[in-house]
Amino acid sequence: MRSTRREFMKTAAVSAVVAATSGGAVAETVLRPEPIRWVKSVCRFCGTGCGVMLGVRDGRFVALRGDAKHPTTKGLVCAKSLFLPKIVQAKDRLKVPQIRKNGVLKDASWDEAMELVASKFAESIQKHGPDSVAFYGSGQAMSEESYLANRLFKGGIGTNNVEGNPRLCMASAVGGYVTTFGKDEPMGSYDDIDHAKVFFLVGSNTAECHPVIFDRILATKQARKDVLVIVLDPRRSPIAEIADVMLDPKPGFDLPVFHSMAHVIIKENLHDPDFIAKHCQFKIVKDGKPVNVSFDDYVKFLEGFTPRKAELQSGVPADQIVEAARLFAKGPTMSFWTMGLNQRSRGVWANNLMHNLHLITGQIGKPGMTPFSLTGQPNACGGVRDTGSLCHILPYGRSVKKAKHREEMEKLWGAKPGTIPPKPGLNTIEMFRALARDEIKAMLILTTNPGQSLPNASVYRDAMGKPRPGKPFICVIDAYPTRTTELADVVLPAAMWSEKTGVFGMSERRYQLHPKIIDAPGESRSDFDVLLDFATRLEEKGVVPKGYIGGKFKTTDDIWEEMREASRDTAYDFRGITRERLRNERGVRWPAPTPNHPGTSRRFVKGEDPILDAGPYADNTLKPGEIKFYAAPKFRATVWLRPPLGPSEPPDDEYPFVLSTGRVLEHWHTGTMTMRARELRRSYPECFCEINPKDAKRLGIKNGSRVKITSRRGTAWAKARLIAGPREGMIFVPFCWEDDPSLINRVTIDAYDPGSKQPEFKICAVKLEKA
Amino acid sequence: MKWCPEFIVWALLALWLTPSCGSDGCWGSDKSKASAEAEKPAAQPAVSEEAESVPAEVVSKPSEKPPTAVSAAKPRQEKPRKPAARTADTPRVQDKSKAKRKPAPKPKPAAKPTPQDEEFALNAFPPTLSDTKQHRKAWRRNDCLRCHETGVGAAPEVRHKGMPDLLKVAKCRSCHVFEPGKKPTERKRPPIDAGFAEFAFPPMIPASAEHRKAWRKDDCLLCHEDGLMGAPKVRHKGLPPLTLKAKCRTCHVQVRVLDSDPKRH
C-alpha cells in the first residue's frame, strides 16, 4: 500500500480530532494496521474437504489456518493448504486472454477472445453437428460451473461429449458403487473413523495424499490400543509404518487376495448369514450379461482362491491373507482406497470385490463399518459425479440412456424435448483420440491440465497442439500457464477459488461453500462468468435456443436454486441445503431434503437417511437402524463373482519392470499450483524414481543417479531413489513435474477399464536403464 | 475518557508540515528522503546507528576485533562508520548517557531498503556473523542452514542466486566470517514473504543429515519437544490438540535441494 505524506498527515490530524472527541478508541484503530479478517471456507486441494479459515488484510489473502470448529477435519490441514495464499497470489498468474497468432500466444481483449471461441464452436456445430464439439472439465471447478457446462452442452448444444478429469481418478469407484449398491457415492462418513477398530487401506498412500484423514486414523490408533491397520499395496508407502498387517501383492494381482479373504471369512464362519440373506444377491457375468447365482455358487467359486492358491497368484503369503481376513471380519472395519484400485483396467471389479468383503460380513451402515472411496480432487464428487458432468450420466443419479431421466432434465432446463441424445458421448480417452483424428473440431478445457495428466501423453499433446491443416480448435480456461495452455489456440484467465463464490462437494457427501474473499488479478474472470458469456454468444449465433441460459442466471446463487430442484425425488435430495445454510454452517452432508434436516451421516439406514422417510424410496415398515439398499435392484446389494484378471500390460522380457505413478505429500497432481509456492517446490525440486535396492544393485544404479524409464510409448528421466518401498520388479514415479524429461505420462498406458473407462495409470511395463 | 497525546503531537506536526510538502511527495520517494536528510544533522544517523549496534565491551577493547578482510569490506554495504566511534574516549558514550536522561526521540520511519540491501549477497562481500548465542552454537556445529535455509526464527534465508552449484553445498565458513562482539544488524531486510501474515507458513525443515534421519523415522519430537541439542521447542499454541498428534510432515515441508529454477521466483 502506498500513501502520500499529505494523506498520512491528514489521517493523523483527523485521528487526533476523533481521539479528542471519542476517547481515543477510534483513533487507535485508525493508526493500527488493519487486523486480519478470518473468513470460513474449504481447502482447494484434495477431496478430504478440510475446513479452513482464510485471512484477509487490506484486500490481500495473507494467511490460511485450519478451522478448529470444522466438524470432521477439526482444524487439521496439510502443508499444501497452508501455502495457498502464496499459490493464489503467484506472480505468473494468467491475467489477460490470449489468442494464438502465427504460432504465438498474444494478449487480446475478452470480447475478441470470446467471440473467436464462440465462432469456432458455432461454425463446427453448424458444419459438422453437435457431436463435433466437446467439453473437458474438472473436479476442481465449482459445482455450479460444472452443472452449467453440462446444462449448456447436453441440453443446449445437444451433445453428450461432456467429460472431466474425474474420469482419470474416480470413475472406477463410481462404477463399483453403482454396480454393487445401485447409486454412486459412499454410504458412510468420516464419523466412522472414530468408531472403527480395523482400518483396511488399499491402494492408498493416505499419509501423503490425504494427510488429514491419515492424521485422524493415526490419532484414533494412538488413542485406542485395539485399533489395527491392514495395508494392501504393492508399494510400501509411508502408511506401511503403522500397518499391523502388510499385504504386498504383485502389481495388478490383488483380486485373488480379496477373493481369498472372502474364502477365509466364509470358511471360518466369520460371515453374517442374516445380513447376506436379507440384503445381498450374487451375480456373475456370462456371455456379457449378468446372471444371478446363489450363495452356494459363490462359496464354490471361492474354492479357487484358497490362501495357498492366492499366494501363488498374488505373491502374498497365505498366512498373511488369513490374518487379514480374520481381522477384517472382527471389525468394526472401515475401508479406504483410492487410485491403487481405481486406476486399473479392472478397477470396477476391484471395487466390487472390496464391497464384497463388507457385504458378506454385514459391515455396512453401522458405526465404524463402511467401504469408503477417498477422492483426490476437491469437487470430483459434488461437482462432476453428482452434477452428472460425464458423458453417460445426467444430474443426481440420472442416466442419459433412460428416456425418463432425459425428459426430467429437459423439462427442468427448459430444453427442447429430444435435445439430450440417448447415446453416451465419448469418454475421456476416446474424446482425445477423436481429437487426434480431427473428428472433434472444437474443445473447451476447463481448470485441468490434460497436456500433462493424460496417459500416453505424447499422442494427446500432439492431438491438441500439433499444427496441421484442419487442426481442432482448443480453448483452455485456467489460472496459470500449464503444459496445456501452451497447446491452446485461446487461453482465458480464470479466477481462483478464493476469488469466486461456489460449492465444493467432498468425499463424505458434504457440500461446503467457499466465498469470494479477494478480487481476481488483472482481467481474470470466474469460469462461471466465462461460461455464461460463452452460452449467450452461442445463443446469438443460433446454435443454442435463445434464452436457454442467457438472462436466467446472474450469480452462482441463482443456479444453485435450480440444482437443488434437480435433486428433488432423487437419492441425492439436497433441497434443504440452502445458500444461506451453507454460508452459516460448515457444510451439510446430503441427503438433506428440508432446511432443518441436519444432514446424513449414514445412507441406507432407517432413522438416519431421510430418503427412507419420504419420497419415492420411502419405507415406513422399517425399524430404526435397519438397512435398505433402496437404489439397488430388488433392494439388494450385489456380491460379484469377478474373475481375477491381471493388468492390461504385464511386464515381459523386453520391459521387465512395472511402473506405477502417484503423488508426494507436498505436491498436488501436475504441480500447477504447488510448484508456485517456493517452499513446496524446494521440498521436491525434481522428479525421482523409487527403485527397490535389490533391483538397483542388479542394474548398477546408485542412489541419486539419473535413470531412463522407457515403455512402448515413450521415455522419461528421473533421479534414482533407492528405497525398499516398491516391491522387486516395480518402480514408482510421481507425476507432479512438468519439465519434458520428467513428464512420466509420456510413458504410462492409455488402456482403460471397459466398464468405467478409467485408464490404467498404475500399471504398465517399462525398462529401466542408467541414463 | 482515554486521551492519546501522540495523536495531538502528530496532528500539530501535520498542520505544521503540510504546506511545505510537495503535492506528489510520498513515503520513500527520493524527494521526501532528501528533505528528511536535509532536516537532520549529517553525522547523527551514523553515530546513533552504530552506538546502538556496537556493545560497550567491544568499544573499550578495539584490539580484540579480528582484522578480517570481510570486516574491512563492511563499508561497502553499510553506511561508513565514524572512526571516532570505535574508541572508548570518544564522546559517543557520553552522548548515549545523555540521551538516556532526555526524552526518547520519536522513531523516524525506516528508510526504504535499496536493491543493494536486498541483493547484498550478490553485490557485496559475504556478510559476517553477528555474535549471538545461536550463532556461536551453530558455528561450532556448522549448522547455519538449520535457520538460514528455512527462514525459521526470522533468520534471513540464504539467497545464493547466480552462484555456482558447488558453492551451494560448500561449508558456510568458507566464505562467511564470525565477528566476535558484532550485534545483529537492526536494519530490516525485506522479508521474502512480505505481504503475507507473519507466521502464516509453518517453518521449513532443513536438509541436514539429522533432519533427514528424523524425517524418515518421523521422530522430530525427540529433539523438538524438550529442546534437545539446542533444537527449538515446538510451540503449537492455538492449534487443536489433534494436530499435536499428527505427523509433523503434514504441515512442515523439508528442504531437499536449494532452488534450481530461479525463473519460478
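Worth a mention:
- Answer residue from the stretch A:432-454, given it is within 19 Å of the chain's Cα centre (by Cα) and in a helix (DSSP H, G or I) and is surrounded by the fewest Cβ atoms within 10 Å (Cβ to Cβ) among those: A:S453
- Matching residues in the stretch A:66-93 - criterion: being more than 8 Å from every other protein chain (Cβ to nearest Cβ) and not in a loop (DSSP other than H, G, I, E, B): A:K80, A:S81, A:L84, A:I87, A:V88
- Scanning the stretch A:174-192 for residues that are touching a Gly at 6+ places or on another chain (Cβ under 8 Å) and part of a helix (DSSP H, G or I) gives A:G175, A:G176, A:T179, A:D192.
- Per-region count, the stretch A:704-744, residues open to solvent by 60 Å² or more (accessible area, probe 1.4 Å) and under 13 Å from A:C764 (Cβ atoms): 1
- Per-region count, the stretch A:320-344, residues open to solvent by 30 Å² or more (accessible area, probe 1.4 Å) and polar (S, T, N, Q): 1
- Which numbered condition A:M673 misses (of (1) within 14 Å of chain B (Cβ to nearest Cβ); (2) within 30 Å of A:G176 (Cα to Cα); (3) surrounded by 23 or more Cβ atoms within 10 Å (Cβ to Cβ)): (2)
- Residue in the stretch A:277-299 that is more than 14 Å from chain B (Cβ to nearest Cβ), touching a residue at least 24 places away in the same chain (Cβ under 8 Å), of a type in the set (D, E, K, R) and buried (at least 17 other Cβ atoms within 10 Å of the Cβ) present: yes
Residues are listed down the side, and each one gets a yes or a no for (1) small (G, A, S); (2) open to solvent by less than 60 Å² (accessible area, probe 1.4 Å):
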| position | (1), (2) |
| --- | --- |
| A:F61 | no, yes |
| A:V77 | no, yes |
| A:L94 | no, yes |
| A:A108 | yes, yes |
| A:E115 | no, no |
| A:F121 | no, yes |
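This table checks each residue for (1) open to solvent by less than 10 Å² (accessible area, probe 1.4 Å); (2) of a type in the set (V, I, T); (3) without any contact (Cβ under 8 Å) to a residue 40 or more places away in the chain; (4) not assigned by TED's automatic domain parsing to the domain that holds A:R663.
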position: A:K154; (1), (2), (3), (4): yes, no, no, yes
position: A:G176; (1), (2), (3), (4): yes, no, no, yes
position: A:A196; (1), (2), (3), (4): yes, no, no, yes
position: A:T206; (1), (2), (3), (4): yes, yes, no, yes
position: A:H210; (1), (2), (3), (4): yes, no, no, yes
position: A:L228; (1), (2), (3), (4): no, no, no, yes
position: A:V231; (1), (2), (3), (4): yes, yes, yes, yes
position: A:P234; (1), (2), (3), (4): no, no, no, yes
position: A:M246; (1), (2), (3), (4): no, no, no, yes
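- Per the listing A:G397, A:G340, A:G383, A:G331, the residue uniquely in contact with a helix residue (DSSP H, G or I) (Cβ under 7 Å, 6 or more places away or on another chain) and of a type outside the set (S, T, N, Q) is A:G383.
- Test: A:P593 is open to solvent by 20 Å² or more (accessible area, probe 1.4 Å), in contact with a helix residue (DSSP H, G or I) (Cβ under 6 Å, 6 or more places away or on another chain), under 30 Å from A:I731 (Cβ atoms) and not in a strand (DSSP E or B): no
- Residue that is farthest from the chain's Cα centre (by Cα), among those in the stretch A:459-480 that are within 18 Å of A:N745 (Cβ to Cβ) and open to solvent by 20 Å² or more (accessible area, probe 1.4 Å): A:K466
- Among the residues making up the stretch A:542-574, a single one is in contact with a helix residue (DSSP H, G or I) (Cβ under 6 Å, 6 or more places away or on another chain) and open to solvent by 60 Å² or more (accessible area, probe 1.4 Å): A:K546.
- Taking the stretch B:192-265 as the region of interest, the helices (runs of 4 or more DSSP H) fully inside it that hold 1 or more residues being modelled with pLDDT of 80 or more are B:209-217, B:221-224.
- Yes/no for A:F214 being in contact (Cβ under 8 Å) with a residue 60 or more places away in the chain, aromatic (F, W, Y) and buried (at least 24 other Cβ atoms within 10 Å of the Cβ): no
- The selection criterion, being assigned to a loop (DSSP other than H, G, I, E, B) and surrounded by 19 or more Cβ atoms within 10 Å (Cβ to Cβ), holds for A:I701.
- Residue check, A:I420 out of contact with any Gly (no Cβ under 7 Å at 6 or more places or on another chain), hydrophobic (A, V, I, L, M, F, W, C) and modelled with pLDDT of 95 or more: no
- Single residue of the stretch B:196-250 satisfying the filter (charged (D, E, K, R) and in contact with a strand residue (DSSP E or B) (Cβ under 9 Å, 6 or more places away or on another chain)) that is farthest from the other protein chains (Cβ to nearest Cβ): B:R212
The values are calculated or read from the model by the stated rules, or taken from the named source; none is laboratory data. What you see is a predicted model; the values in this text were computed from it and never measured. Don't worry about glycine lacking a Cβ; one is built from the backbone with ideal geometry, like all the others, and counts go over all protein chains shown. Protein only, heavy atoms only, side chains kept; ligands, DNA and RNA dropped before computing areas. Shrake-Rupley method; radii C 1.70, N 1.55, O 1.52, S 1.80 Å.
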